[in-house]
Structure formats: structure tokens, C-alpha cells
Amino acid sequence: MTFTLNVNGTKHAIDAEDDTPLLYVLRDELGLHGARYGCGVGQCGACTVLSNGSPLRSCVVPASALGERSLTTVEGLRAEDGSQHPLLRAFIAEQAGQCAYCIPGMVMTAAALLKHTPQPTEAQIHAALDANLCRCGSHNRIVRAIQRAAKELAP
């Protein structure tokens with residue numbers, strides 16, 4: 001089946017089976033390796049991308065089912081002026097990723113949170129990240145990074 005995906009502002013013609021997970025298309029067809037294969041059942045968050053600004057577990061959604069949705073991967077996350085997104089700068093500054101396997105999913109989930117809740121409380125950050133797993137125990141640094149980015153993004 002051939003279908004079109006709008007990924008990071010660019011439309012791509014994709015030729016894949018109907019049930020091919022979005023994660024496989026992103027990684028294997030488009031060469032976007034930010035979203036990671038973690039659990040394969042949508043429970044760890046390593047594969048998180050944004051679909052029309054909302055978090056989406058790309059390992060469990062068939063790419064062919066996305067239609068005209070705008071998809072953003074960590075590679076496409078940019079500030080409004082096109083520079084590095086404040087979340088990415090904050091994650092680096094706070095050294096939020098120990099092994100960094102979960103970081104793309106954490107960043108994308110945090111981007112959605114900050115878009116809808118520009119100044120989240122610590123409890124709101126914890127709630128947003130509740131379904132994203134980090135085996136290294138970097139949660140405190142991840143929360144600090146999101147708080148730092150929120151301050152930078154504040155008007």
C-alpha cells in the first residue's frame with residue numbers, strides 16, 4: 001500500500017504494508033532514529049512522537065492509519081525561530097539522560113505538556129511523564145530539565 005505521511009513538515013510517500021507500525025516506517029524508511037523501540041506494546045514511551053501536537057506511541061499505531069496528521073519526531077523538534085528547542089537545551093544542561101534511551105520519548109511527551117500547560121507544576125510534570133519509563137533513574141534531572149525549559153519558554 002502507498003500512503004503519504006507528513007513528518008517534521010515534509011510529506012513522504014511511503015510504500016509499506018497496512019499494518020506496519022509507524023516506528024518502523026520512521027526508522028527504516030525515513031532514517032529517523034530518534035524514536036526508539038522499547039517494549040513494542042506502547043507502555044514504555046521510548047517510541048513517542050507527536051501527532052498533531054499530542055503524544056503518540058509509534059510502536060503500536062499502523063503508519064497507514066495516520067492520514068493527514070502532522071507528525072513530529074525529536075529530530076523535527078525546533079524552537080519557533082528554527083533554533084534548537086529549549087527542551088533539548090535544558091535536557092543537555094541538566095544532564096537529564098544517563099543512558100539516554102528514554103530521552104526522545106521523554107522530550108516529546110514534555111513538549112506536548114509545555115504546549116498545553118506552559119508553566120506546569122512539578123505534580124503535572126510527574127503526571128505527564130507517568131507512562132514514560134526510565135530505567136536509569138534520571139527522573140529528577142528530567143523534571144528539572146522540563147522546569148528549566150518552561151522558564152525559558154515563559155513570556
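Miscellaneous remarks
- Residues satisfying the stated conditions in the stretch 110-155, i.e. closer than 19 Å to Q98 by Cα, without any contact (Cβ under 8 Å) to a residue 60 or more places away in the chain and either assigned by TED's automatic domain parsing to the domain that holds S54 or not in a helix (DSSP H, G or I) (or both): D130, C134, R135, C136, G137, S138
- Hits in the stretch 34-65 (condition: within 18 Å of F3 (Cα to Cα), in contact (Cβ under 8 Å) with a residue 40 or more places away in the chain and surrounded by 22 or more Cβ atoms within 10 Å (Cβ to Cβ)): A63
- Counting only residues that are touching a helix residue (DSSP H, G or I) at 6+ places or on another chain (Cβ under 7 Å) and more than 21 Å from G42 (Cα to Cα), the stretch 125-146 holds 3 of them.
- Residue in the stretch 130-145 that is modelled with the lowest pLDDT, counting only those that are among the small types (G, A, S) and surrounded by 17 or more Cβ atoms within 10 Å (Cβ to Cβ): S138
- Yes/no for R148 being charged (D, E, K, R) and either in contact with a Lys or Arg (Cβ under 7 Å, 6 or more places away or on another chain) or buried (at least 18 other Cβ atoms within 10 Å of the Cβ) (or both): yes
- Here A127, A46, A123, A79 are screened, and the one residue that is at pLDDT below 95 and among the aliphatic types (A, V, I, L, M) is A79.
- Lone qualifier among S58, S54 - being in the same structural domain as D15 (by TED's automatic domain parsing) and out of contact with any Leu (no Cβ under 7 Å at 6 or more places or on another chain): S54
- Given (1) under 15 Å from the mean Cα position of the chain (by Cα); (2) closer than 18 Å to R141 by Cα; (3) modelled with pLDDT of 95 or more, index of the condition Y101 fails: (3)
The values are calculated or read from the model by the stated rules, or taken from the named source; none is laboratory data. Remember, predicted model here, so these are calculated numbers, not experimental data. Please note: Cβ atoms are built from the backbone with ideal geometry, for glycine as well, and neighbour counts cover all protein chains shown.
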